[in-house]
Amino acid sequence: MQTANAVVMAQRFIKPKLLTASLVVDATAGNGKDTLFLADSTPNTTVVWAFDIQAQALTKTNELLTKHKLADKVHLVLDSHAHMHQYIKQPVDAAMFNLGYLPGGDHEVSTSSETTIQAVSQTLQLLRPEGLITIVAYPGYEHGRVELQDILHYFTSLSQKEFTVACWSIVNQKNSPPILYLIEKNEE
Ligand SMILES: C[S@@+](CC[C@H](N)C(=O)[O-])C[C@H]1O[C@@H](n2cnc3c(N)ncnc32)[C@H](O)[C@@H]1O
């Protein structure tokens with residue numbers, strides 16, 4: 001088993017929700033690892049949507065999916081996740097956000113508080129009861145620290161009747177490791 005970190009734990013927490021999922025979302029495709037995980041962990045009939053604003057990220061994601069013969073079940077969208085509602089009209093079972101910049105890419109092209117909050121808000125509107133969103137945030141650099149503060153402010157404002165918001169973090173590691181937030185929609 002892989003050593004625990006926020007990215008690994010996001011996959012562990014979300015995996016049970018994928019077994020019967022009809023529609024799942026990777027809001028930040030990046031190099032495609034989470035998209036591959038979602039495509040590989042869901043039934044053959046599941047539709048996976050993956051968003052990124054960088055063409056190079058979607059090219060890498062498509063290459064990875066094609067290598068694993070899973071490209072057919074994934075819609076790759078070259079657009080901001082803040083426009084998710086223009087593409088997805090059905091209920092969402094699970095969604096993953098891995099914030100920050102593309103590893104090995106331009107560090108200036110990063111997620112930002114405003115669009116992340118818009119996208120999470122749209123996902124919450126589409127989320128089925130007992131559906132789960134995972135968000136990995138990076139407080140280890142200035143832009144990421146600000147984004148984390150802003151999204152945390154938004155998360156704490158969510159109705160506790162409608163949603164359960166939790167976080168997972170490593171407390172004995174140097175250099176502000178990533179933090180995982182989990183938002184589950186409560187049963188109706
Ligand atoms: C940390 S990477 C994601 C890593 C990816 N989940 C993986 O497994 O390889 C963050 C990605 O978010 C993308 N991104 C930044 N702003 C975005 C936005 N508004 N909408 C969608 N993707 C965005 C970046 O281009 C980058 O590829």
### Message
If a paramagnetic tag sat 7 Å from the Cα of Tyr154 along the Cα-Cβ line, which residues of the stretch 25-60 would have the backbone N under 17 Å from that point?
### Response
25-29, 51-53
### Message
My understanding is that a pair violates if its Cα-Cα distance is over 24 Å; which of Lys17/Lys69; Lys33/Lys69; Lys67/Lys185; Lys15/Lys69 do that in this structure?
### Response
Lys67/Lys185
### Message
How far apart, in nanometres, would the label points at Val171 and Glu114 be if each is projected 7 angstrom from Cα along the Cα-to-Cβ direction?
### Response
3.7 nm
### Query
What accessible surface, in Å², does a 1.4 Å probe find on His153, ignoring ligands, DNA and RNA and rounding to the nearest 10?
140 Å²
#### Entry: With every protein chain in place, the chain: carbon and sulfur % of accessible area (1.4 Å)
51 percent
### Query
For the stretch 41-188, what class follows from the C-alpha gyration tensor (a ≥ b ≥ c being the square roots of its eigenvalues): rounded when a/c is under 1.5, otherwise prolate if a/b is larger than b/c, else oblate?
oblate
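Please work out the average accessible area per residue across the chain, using the 1.4 Å probe convention, and give it in Å².
On the way: 9870 Å² over 188 residues.
Accessible area per residue, the chain: 52 Å².
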### Message
As an exercise, use a Förster radius of 25 Å and the Cβ-Cβ distance of Thr59 and Glu188 to find the FRET efficiency, rounded to the nearest 0.05.
### Response
0.05
## Note on the structure
Quick calc: nm separation of the 7 Å Cα→Cβ label points for Glu130 and Gln2 -> 2.6 nm
### Message
Less than 12 Å Cβ to Cβ from Leu36, Lys/Arg counted +1 and Asp/Glu -1: what total charge do the surrounding residues give?
### Response
+1
### Query
Tell me, what is the FRET efficiency for Asp40 and Glu142 to the nearest 0.05, using R0 = 25 angstrom and their Cβ-Cβ distance as r?
0.10
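Where nothing but the Cβ of Lys and Arg (+1) and of Asp and Glu (-1) is charged, how large is the charge dipole of the chain around its Cα centre, in debye to the nearest 20?
Numbers: 14 positive and 19 negative charges, 103 e Å.
Here the chain has a charge dipole of around 500 debye.
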### Length released on extending from Gln90 to Phe163, taking residue separation times 0.36 nm less the Cα-Cα span
24.3 nm
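The values are calculated or read from the model by the stated rules, or taken from the named source; none is laboratory data. Not measured: the values here are computed from a predicted model. Backbone-built Cβ (ideal geometry, glycine too); neighbour counts: all protein chains shown. What goes into the accessible areas is simple: the full protein's heavy atoms, side chains included, and nothing from ligands, DNA or RNA. Shrake-Rupley method; radii C 1.70, N 1.55, O 1.52, S 1.80 Å.
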